[in-house]
Every structure is written in structure tokens, then in C-alpha cells.
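In what follows, a single structure is set out as C-alpha cells and then discussed.
The values are calculated or read from the model by the stated rules, or taken from the named source; none is laboratory data. Everything quoted here is computed from the prediction, not taken from an experiment. Cβ placement follows ideal geometry from the backbone for every residue including glycine, while neighbour counts extend to all protein chains displayed. Ligands, DNA and RNA are excluded from the accessible area calculation, which covers all protein heavy atoms including side chains. Shrake-Rupley method; radii C 1.70, N 1.55, O 1.52, S 1.80 Å.
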Amino acid sequence: MPSAQLKSTCRATLSCIAAVLLCSWTAPVSAAGDVKPVRKTSKPAPSAAAEDPYEGDPFKSLPWGDMRREYLGGERAVFDERVTVRGPAFAEDPMNVPVTVSVVGLKDIERIVVLVDRNPIRRVLEYQPMTALPAVSFRFKLEQASPVRAAVRTRDGLWHVGGTWVDSAGGGCTVSGATRKDGSWTQTLGQVSARLFESSPATTEASPVPGGGAGAARLRLRVMHPMDTGLVGGIPAFYISRLSVRDAADRELLRLSTYEPVSENPVFSFDFPDRLAGGLRIVGTDNNGNRIDARLE
């Protein structure tokens, strides 16, 4: 058979096959006899979380996702205006940056974790209020401009996160403190001074602490300690790791875990809903096993 005739025959055969297939196809029919349109299948649209590398972070900080997994156990977190973090817009002294964390309108609070995104050591402090109010003030070291966050875990397992941006020239984590430089820390290590105010100043501040009132109280205490980060050559990490405040009946009122970024000779302020009768005892330890034990009568 000539080549041209063979090609013509093949084309005719293929056309017949296509016509048969088209005639034999039946569109889907409903129970009522209506022909249903055929819809094309498509892949599901990617979730918003998958599209957002910041996981909804208002600061758009890339470390946030890793921080949530490492320090919050990967549990669900929401950004919540009821968690307030107050600090300076610019930290003039990066070794002593004041910060106040307070929580308004949240119940069943288990603990509060303070984190700094751009510090070489991101976890600063963990606070369990117990019978105290969910508020704490202290100072910390800042290595560079960064979001400063407080993550509050409630009993339902949800983390509520608030924060603020603090700008700084930086370097606070990689410089020795004054008592380390002059050697005086050896004479004062572990010494505690404290004062109890009968009415909490938190009731008159711009962000009042819930539960504070005329009968409220504030405890301010200082513990002498160099709080070395371990990031200065030849000086290993040396810091207070645990503090606990107990009443006269040895009932624990609050518990605090502190880490390297807390400032040298740290000062903490805690608020209570009621006045504290009797004496208080402050106990704790540092990462080298040195014990802290003091009484406030």
C-alpha cells in the first residue's frame, strides 16, 4: 500500500475510535434524572499557617516558630492583648533593661515565661504566681534590639502571648558585671534584702493588676549574685536558678526560675491580692548549688 494511502487510513481509523468513545460516554445523572455537571478536582489550598513563616507574629520575627516549639513545648499559642509587657523604647543600659509583665482578665494561670528573640540565650525567666498576682517586674540583659515577650500558659494548655519591641545599642550579654570586674561578688554572694509594701503600686499604674486594691501588697527583693552568662571569655555561666517565697506557715506563695540573661544582683517585684501577715522566707539556689535562705520579719 502506498505511504499516502496508509496515512489516510490511519487517520480515518482514529477518528472512528474517538467518535465511538464520545458516543458511549454518559454524564452522571441524579436520582431526579438531571444531568450533573462534572467538576474538576483540585488540590486543597495551602493553609494560612503554611503560607505565613511568622505564624501570625505581630513582630514578624523569624525565630518565633522555633521559640514556640522549644520553650512552649510546641503547644498552641495566640497573641493576646491581655498580656502586657512594658519596657523602654530604647535601652540605654543594655545590662539593666527594666521590664514589667502583667496579665489582666485571664484565669487559671499556671506559669509565665519571658523570652527575648534576639538574645543568644533567649529564655530569661519562668514565673509561677501560685497565690500571688500574675505580675512581675525585673531587669535583664539585652544583646541587641529585639522583641521581648511574655507567654502565659493557662490550665487548658493554651499559651497567651504579649510583647514589646526594645531597641538598644546592645552587648549586654557579653560583658562582665561590675561586681565580677572588681571581685566584690565573693563578699556578697547570696545576700538578700527585701521590703514589703502594704499597698501595691500596681493599683495606680496605667496597666493595673487584677485583684490589687486597698488591701493588696507588693514584695520587692534583691539577691546579690553576679549572674554570669558564660559568654565572656574565661568566665563560666553562674546564675541563680530557683527562688521561692514562703509565708510563716511555710506555704509556697510563688516560684521563680531564672536564667543567665537576668541582670546582676537582680531585683524582683511581686504583687499579692491581700496583705501578707507574719514573716516571709526567701529560699533558692544557683546553678553551682549555693543556697539562698533569708527571712523578712
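Taken per residue, the accessible surface of segment 59-202 reaches 45 Å², heavy atoms only and a 1.4 Å probe.
Quote the charge dipole size of segment 48-98 about the Cα centre in Debye, to the nearest 20; the model charges only the Cβ of Lys and Arg (+1) and of Asp and Glu (-1). The partial results should precede the final answer.
Values: 6 positive and 11 negative charges, 26 e Å.
Here the size comes out at about 120 debye.
In order along segment 143-150, the phi-based Karplus estimate (6.51 cos²θ - 1.76 cosθ + 1.60, θ = phi - 60°) of 3J(HN,Hα) comes to 7, 7, 3, 6, x, 10, 10, 10 Hz; Gly and Pro are listed as x.
Around VAL114, under 9 Å between beta carbons, what's the net of Lys plus Arg minus Asp minus Glu among the other residues? If you can, show how the numbers build up before the last one.
Working: positive: ARG123, ARG149; negative: GLU126.
That sum, taken over residues with Cβ under 9 Å, equals +1.
Orientation-averaged projection of segment 67-191 equals 8.5 nm² [convex hull of Cα atoms, one quarter of hull surface area]. Listed by chain and number, the aspartates and glutamates whose C-alpha is less than 12 Å from the C-alpha of LYS107, apart from same-chain residues fewer than 8 away, are ASP156. Once R0 is set to 22 Å, what does the formula 1/(1 + (r/R0)^6) return for the Cβ-Cβ distance between ALA294 and GLN187, expressed as a FRET efficiency to the nearest 0.05? For ALA294 and GLN187, the calculated efficiency is 0.85. Straight-distance candidates among the aspartates and glutamates for linking to LYS60, with alpha-carbon spacing under 16 Å and chain neighbours fewer than 8 residues away dropped: GLU51, ASP52, ASP80, ASP117, ASP167.
Can you tell me how much longer the chain between ASP167 and ASP108 gets when fully stretched, taken as 0.36 nm per residue apart minus their C-alpha distance, in nm with one decimal?
Value of the extension gain: 17.9 nm.
Considering only PRO147, GLY172, PRO129, and ranking their Cα positions along the charge dipole of segment 104-188 that arises from unit charges at the beta-carbon of Lys, Arg, Asp and Glu, the one farthest toward the positive end is GLY172.
Under a Cβ-Cβ cut-off of 14 Å, what is the net charge of the residues other than PHE268 that fall near it, where Lys and Arg count +1 and Asp and Glu count -1?
Working: positive: ARG139, ARG195, ARG218, ARG220, ARG222, ARG242, ARG255; negative: GLU126, GLU264, ASP271.
Residues close to PHE268 contribute a combined charge of +4.
With θ taken as phi - 60° and the Karplus curve 6.51 cos²θ - 1.76 cosθ + 1.60 applied, the whole-hertz 3J(HN,Hα) list for segment 128-135 is 10, x, 6, 8, 7, 7, x, 8 Hz, x standing for glycine and proline.
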